[in-house]
Structures are given as structure tokens and as C-alpha cells.
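Asker: Take a look at this one; I'll ask things after.
Readers should treat all values here as calculations from the given coordinates under stated rules, not as data from a laboratory. Note that the coordinates shown come from a computational prediction; the quantities given were computed from them, not determined experimentally. So basically every Cβ, Gly included, is an ideal-geometry build from the backbone, and we count neighbours across all protein chains shown.
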Amino acid sequence: MPDPLNPTKGDRSMTQGFVAQYAVEAALGTPGVYDLDTTPLVSLKETLVGEHEGKGVLVYFNDAKENLVNITVFPILYYGNVLPEIAWNIQERVKNDVEKYTGLMVESVNVHVKGVVAREDPAKQK
Amino acid sequence: MNRLIRFALIFYAFALSVFSVISIIVALNRSMLEALYFVLYGFISTASFKWIIIVFSGFLFLFSLSILVYGLQSGRMHKTRVRSNDIGSIDIGVDAIENIVLNTAKTSQCGIKTAKARVYPARNGRIRAELSAVLYSDVEIPAMMAKVQDKIKKDIERYSGIPVDKVVVKVSRVENITTKVER
């Protein structure tokens, strides 16, 4: 008899890049975030191969427990904001969005602020 | 200090002292130079010793590189952990803190033309910020630099939450304000 919660048998898998895309969108949507920092290796890959999924974000699946994921975000923030507050907002938003859209459980969201940039137009400041 | 680097430094100091003793002996006695040459030539002529020397030299090269990198990076901070919560940790990179220092210096309107900022670790989890600035000539340096120091300290603590031990401002050059007259 088929399981009513899982009627179709088979495996479901998600790539790290797929999860990272949601994390990137969530991080970039947080107020006070200018961009995400990419490593030189990712920039080289983008130049040679094309688009890199989820740049500025590292995603690790927990090998011991299924459906657990660890995310590290490398944001560049706007000058004039309290950095820990923005970082905390990023953590919450990334955790909520990834859990909501992928069904995975987020074990940890680490934020490493890579840089601060000044806003070009002071009128745009929130 | 990293244990591997410490070991490498001890090994290097020992190798250098042996090398300096051999150099002194060879300089004083020329026949020792010839003896040393024949010993080394004998080693290299033997196939097995040749590979041992190549592997040993390769290790020495890697050790030198690691010490060079360590020497260049020592004293420079990498990141500062601001807080950890149940979701994860929050780190602020040294570049971000240096960017705060630069932006503060530029927006302080104290006659700074260009500036470079460095941040170093200090005691009790505090940091030390260094600003090297090129100023315009019409700036009252003591008053304005005191203002910049104060503002940098306040801004770092306010925006990053990291306590600042001290702020050092170095005036590297003063540039004249020249007006160009177009003909």
C-alpha cells in the first residue's frame, strides 16, 4: 500500500548550487546589503564557464544527518549601518527562505562580513 | 605561534648557524673548500643521494615559502568574531573594519585627500586602527587629526561593536592646493 504522505517512490536530491541560489536571493534582499563577495576562483569559473550558482555563499550538507544544511554568507554591506544587526537579519532571512522553499532544515547560517562600501547617493539611504 | 612554523624557525636557525660556521671555516682554510666540494660532488654523483638532495631541497623551499608567507601576514588580523547565536556565528572581516575607517576619514571633512587604513589586534579582544593620510595644506593638523581619531573610534565601535584600544593617525604628506588657470 503506498504511503499517503509520499505516494511516489524514489529519491529526491538537491544540489548545493540550488540551495545557494535561494540563500543568495534572501541575502541580497536584506536591507543594507550591497552585494555578496566572491572568491577569485569563482570569478575565474564565471569567466571561463559562465554563470556560477550562488556566488558569495557556501553550502555544506550535513553528512551525518539527512536534510540538514549549513550555510555561510559573505556579504558586503553599506557604510552607516550597524553590521551585527544587518548580519543577524541576513541569518534570519536566509534560514527562513531556505527552509520554506527547499524543505531542508538549516542547521546554521554563518555570516562573514567581507567589506563595507559607501552609498553613492545619500538620498537613497534608508 | 603555530607549532609547525615554530619548528621550521628552529630548524632554520640551526641550519643557518651550521652554514655560517662552515662559511667561516672555508674562508679561513682554502683546503676545506676543496674537501667540501669533493664531498658534495660525491653525493650528487650517486643516484640515490641525488634524489635525497632534491627531496630535501624541495622541503627546504616549501619551508622557506611558508615562513615568507607567515612573515608577511603576521600581525595582520583576519577576522573578528562579533557574536554567536543559535542560528550561527557572525564574523566581521578585517577589510570591512578598514573600510569603516576609510569611509569615516573621508566623510569627516577634515582635509584628508587620500588615506590608507590598517587594523591590528590589541589586548583584551580590542583592535588598534592605523590611518595613514595625505592632507591638504590648509588643515590645522593637531585639531583635525584629534577629531578624526575620535570619530574613527566612535564609528568602529558603533558600527561593528568591536572595542577600539587606540587609533593612530599618521600624516604621510601635505599637498598644496593649487588652482589651475586655463588659457
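Asker: Convert each backbone phi in the stretch B:26-34 into a coupling constant with the Karplus relation 6.51 cos²θ - 1.76 cosθ + 1.60 (shift: θ = phi - 60°), then list the ³J(HN,Hα) values in order as whole Hz, x for Gly and Pro.
Answerer: Coupling constants for the stretch B:26-34: 5, 5, 7, 10, 5, 5, 5, 5, 5 Hz.
Asker: Within a Cβ distance under 11 Å of B:THR114, other residues only, what is the Lys/Arg minus Asp/Glu net charge?
Answerer: +3
Asker: Right, another one. Tell me whether the stretch B:3-73 comes out rounded, prolate or oblate; compute the Cα gyration tensor, take square roots of the eigenvalues as a ≥ b ≥ c, and use a/c under 1.5 as the rounded threshold.
Answerer: oblate
Asker: If I take every Cα pair under 8 Å that is 6 or more residues apart in chain B, average their sequence separation and divide by the length, what percent do I get for the relative contact order?
Answerer: It rounds to 16 percent for chain B.
Asker: Something else now. Whose amide H sits under 5 Å from the amide H of A:TYR79, counting only residues 5 or more places off or on another chain, with H placed in the peptide plane?
Answerer: Under 5 Å from the amide H of A:TYR79 lie the amide H atoms of A:VAL117, A:ALA118, A:ARG119, each far enough along the sequence or on another chain.
Asker: Rounded to two decimal places and with Rh computed the Kirkwood way over Cα pairs, what is Rg over Rh for chain B?
Answerer: Computed over Cα atoms, the ratio is 1.24.
Asker: Another one. Assuming R0 = 45 Å, what is the FRET efficiency of B:SER17 and B:ASP138, from their Cβ-Cβ distance, to the nearest 0.05?
Answerer: After rounding to 0.05, the efficiency reads 0.20.
Asker: Also: Neighbour counts of other C-beta atoms within 10 Å: give me B:LEU33, B:LEU102, B:LEU131 arranged from fewest to most.
Answerer: Fewest to most other Cβ atoms nearby, the residues stand as B:LEU33, B:LEU102, B:LEU131.
Asker: So the label point goes 7 Å from the Cα of B:ILE52 along Cα→C-beta, right? Which residues of the stretch B:1-40 then have their backbone N under 13 Å from it?
Answerer: Label zone hits: B:40.
Asker: Turning to a different aspect of this structure: Mind checking A:102-113 for the average number of partner chain beta-carbons within 10 Å of each residue's beta-carbon?
Answerer: Mean partner shielding for this stretch: 4.
Asker: By its C-alpha gyration tensor, with a ≥ b ≥ c as the square roots of the eigenvalues, how is the stretch B:92-175 shaped: rounded for a/c under 1.5, else prolate for a/b larger than b/c, else oblate?
Answerer: prolate
Asker: How many angstrom lie between the Cα centre of the stretch A:64-126 and the Cα centre of the stretch B:89-160?
Answerer: Comparing the Cα centres of the stretch A:64-126 and the stretch B:89-160, I get a distance of 26 Å.
Asker: With a point put 7 Å past each Cα toward its Cβ, work out how far B:GLN109 is from A:LEU58 in nm, to one decimal.
Answerer: About 4.3 nm separates the two model spin labels.
Asker: Helix B:141-160 versus the longest principal axis of chain B: what angle, 0 to 90°, nearest 10, using Cα atoms?
Answerer: On a 0 to 90 degree scale, this one is about 80.
Asker: Explain nothing, just the number: dipole magnitude of the stretch B:49-163 about its Cα centre with +1 on each Lys and Arg Cβ and -1 on each Asp and Glu Cβ, in debye rounded to the nearest 20.
Answerer: For this selection, approximately 180 debye.
Asker: Using θ = phi - 60° and the Karplus relation 6.51 cos²θ - 1.76 cosθ + 1.60, list the HN-Hα couplings for the stretch B:61-70 in order, rounded to whole Hz, with x at every Gly or Pro.
Answerer: 4, 5, 4, 4, 4, 5, 5, 4, 5, 4
Asker: For a Förster distance of 41 Å, can you work out the FRET efficiency between the beta-carbons of B:LEU33 and B:ILE5, rounded to the nearest 0.05?
Answerer: Working from the Cβ atoms, E equals 0.75.
Asker: Within the stretch A:16-118, what is the number of lysine pairs with alpha carbons under 18 Å apart, leaving out pairs fewer than eight places apart on the same chain?
Answerer: Taking the stretch A:16-118 as the scope, the lysine pair count is 4.
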